[in-house]
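The values are calculated or read from the model by the stated rules, or taken from the named source; none is laboratory data. Every value quoted in this text rests on a predicted model; they were computed, and no experiment measured them. No Cβ is skipped: glycine too gets one built from the backbone with ideal geometry, and neighbour counts run over all protein chains shown.
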Amino acid sequence: MDKNSIIGFILMAAVLFGFTAIQAKKGKEQYALQIQQDSIARVEAAHNAQIAEAQQASIIATEQQSSERQSIYKDASLDEASAGQGEILTLENDVFELQFNTKGAMLWSAHIKDFRNYDSTDLYIFRPGGNEYAVKLYTGEYINTANFEFQVAEHTDTTLAMRLYFADGGYIEQSYAISEGSYAVAAELAFVNMNSIPRNVGSFDIDFKTIVPRMEKGYKNESQYSKLNWYYNGEDKPEELGRGRSAGKKIGSKLSWFAFQQQFFSTIVRAPQEFASGNLSIEYSGEDDPDHNLMTCEAQMRIDFRPDREVRIPLEFYIGPNHFQTLKTFDQKYEKIIPLGGWLVGWFTRFVIIPLFNWLHKGIASFGLIILIMTILIKLAVFPLTYKSLSSSVKMQALKPELERLNEKYPKQEDAMKKQQATMDLYKRAGVKPLGGCLPTLLTFPILWAMFRFFPASIELRQQHFLWAEDLSGYDSIVDFGTRVPLLGDHLSLFALLMAVVMFLYSKMTTSSQPAGNDPSAASMKFMTVWMMPIMMFFICNNLSSGLSYYYLLSQLIAMIQMWIIKKSINPQKVLDKVEASRGKPLPKSKWQLKLEEAQKMQEQQMRAQQRRR
């Protein structure tokens, strides 16, 4: 690999790490902005609370003057309801089993049937008691439905309705319905004949709190891909919090839905009539949590309504896997919680990688074989660009004797401009375009990044075995250290190690005939390419998806084969003969050459001026 190709490779790495740095900077700016917004929100909340307290005091004073209405907590039926412990009821279909507690009429647990945890235990998106749900409403006094046991009004295999009765004959009803083959739950909250609700009450609150257990092999990877999302109607994609960092957000405007998202499974709650506002928070439990929990997500949402004889508020739940096609069928942009990259990378993943993956999976059961075929097809698709890059590199290697003569002719540092100009002239006579080796490589970068985002987020690869890898969506481990080792973690990934070795061999192959000359920067770039990049990639991939490391390994092996074929197809002597045939003949000068000549003239003028001053 020549100097220019190496520069292209370094540029690729710079883009990767630059993008990471920019994202980190944006994250800090967003965090600072969030703190500022939260400070403003707290002031507004305090002001609103004062107004609410004044309104409440006025309402209570009015109610106390009336002897016709009793306090809700003085009603005997509600006293009895608040003393109960609740009954556990079940709704079940072929994909999940949901348990409900009549205390609070809340979802109690969610068992997903077709999936297992990494340790082969039953997979619960939330375990029994791991989910809380409360409706908070002012009915003369504030009532929290989580404190009361509802009565069962209807219970079939697929439907459940529970009611909390009041002394005036009104009731709150919470109902749920499921259907076969679906992870969706249709819910409805109803206030029927609730005459105790004052007419000036225009909203109520619904609080959701879910403790999400760990389900995957590696905590770091699982937490990085687990987050809290929310979506505003009309937007292109949802907002998010988390990715391994505890955070909170106050939402002051209407939103359509929110999602408590684990790496591969989610609980999504949508209000067709929209939530008016809310507070969202996510807190990670830590790798050493004794209960083996991943995170706790909370959503305190407000819904506007107008008190009437009968008010019905629909809610929609999705409790299931983050499968792209399944989420897309809801047509609510649920699928965009899956992290597939920005607009360019995300577009390529959605319209090329995922359809190709699904098409191959229709006829091939082995996901290792699917990744191999995908890699070959992608390499063939970009081969025209790769050919330009590699052929340019091979031709430059053929010019090694000529380049060494230029190094001997211009050994001094002050002759660097002349040597650069002579090198460009040599490349032009040989028909070599230095940027032709860099730009095609940079153009393939979106594919590299798309695969980087696709593999850890693809539920299709979850717990899929291949060779020694037990789970292609997580890291493979051939050695478990039993303790954390700096940079490595607690294991050694064989796919990551093989990938690094092949990357090292490929770099040696492409730089073996590169002229070093007396340029120290060339030697340092060669060291970076041959040694530092493989070592760095090994430490990065050691904790990532084994499917990703396997893809990079295959990609490097195919690149070595392509390089070998191109080397065989290009005769180095013909390249030198072409140079010799054009030697002494004038060539049209490029803009780059003209700029070099102009810079050289300016340098010579400055040197002559310095000599005259002496």
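Here are the numbers for the structure shown:
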item: Residues of the range 295-326 satisfying the condition of being over 25 Å from the mean Cα position of the chain (by Cα) and of a type in the set (Val, Ile, Thr); result: 303, 311, 313
item: Single residue of 244, 181 found to be touching a helix residue (DSSP H, G or I) at 6+ places or on another chain (Cβ under 6 Å), part of a loop (DSSP other than H, G, I, E, B) and small (Gly, Ala, Ser); result: 244
item: Those residues of the range 250-264 which are assigned to a strand (DSSP E or B), surrounded by 19 or more Cβ atoms within 10 Å (Cβ to Cβ) and in contact (Cβ under 8 Å) with a residue 40 or more places away in the chain, in sequence order; result: 256, 257, 258, 259, 260, 261
item: Members of the range 200-229 found to be among the hydroxyl-bearing types (Ser, Thr, Tyr) and part of a loop (DSSP other than H, G, I, E, B), listed by number; result: 225, 226
item: Lone unmet requirement of (1) β-branched (Val, Ile, Thr); (2) over 26 Å from residue 322 (Cβ atoms); (3) within 41 Å of the chain's Cα centre (by Cα) for residue 158; result: (2)
item: Any hit, the range 383-394, residues being part of a helix (DSSP H, G or I), under 28 Å from the mean Cα position of the chain (by Cα) and under 30 Å from residue 495 (Cβ atoms); result: no
item: Candidates 144, 200, 195 - the one that is in contact with a Lys or Arg (Cβ under 6 Å, 6 or more places away or on another chain) and either β-branched (Val, Ile, Thr) or surrounded by fewer than 15 Cβ atoms within 10 Å (Cβ to Cβ) (or both); result: 144
item: Top-ranked residue of the range 136-157 - restricted to ones that are assigned to a loop (DSSP other than H, G, I, E, B) and touching a residue at least 40 places away in the same chain (Cβ under 8 Å), ranked as farthest from residue 305 (Cα to Cα); result: 157
item: Within the range 417-456, tally of residues that are at pLDDT 70 or above and at positive phi; result: 0
item: Residue pairs meeting the criteria (Cβ under 6 Å; at least 6 apart or on separate chains; first farther than 12 Å from residue 163 by Cα, in the range 185-199; second at pLDDT below 95 and among the hydroxyl-bearing types (Ser, Thr, Tyr)); result: 196/139; 197/139
item: Which numbered condition residue 237 fails, given (1) more than 17 Å from the chain's Cα centre (by Cα); (2) not in a strand (DSSP E or B); result: (1)
item: Hits in the range 215-242 - residues which are among the small types (Gly, Ala, Ser), out of contact with any Lys or Arg (no Cβ under 6 Å at 6 or more places or on another chain) and buried (at least 18 other Cβ atoms within 10 Å of the Cβ); result: 218, 223, 226
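Results for (1) at negative phi; (2) at pLDDT 90 or above; (3) in a strand (DSSP E or B); (4) touching a helix residue (DSSP H, G or I) at 6+ places or on another chain (Cβ under 8 Å), shown as yes or no for each residue.
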position	(1), (2), (3), (4)
108	yes, yes, yes, no
113	yes, yes, yes, no
134	yes, yes, yes, yes
163	yes, yes, yes, no
188	yes, yes, yes, no
194	yes, no, no, no
198	yes, no, no, yes
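A quick yes/no check of all residues on (1) at pLDDT 90 or above; (2) surrounded by 20 or more Cβ atoms within 10 Å (Cβ to Cβ):
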| site | (1), (2) |
| --- | --- |
| 323 | yes, no |
| 332 | yes, no |
| 339 | no, no |
| 353 | no, yes |
| 365 | no, no |
| 370 | yes, yes |
| 378 | no, yes |
| 382 | no, no |
| 387 | no, no |
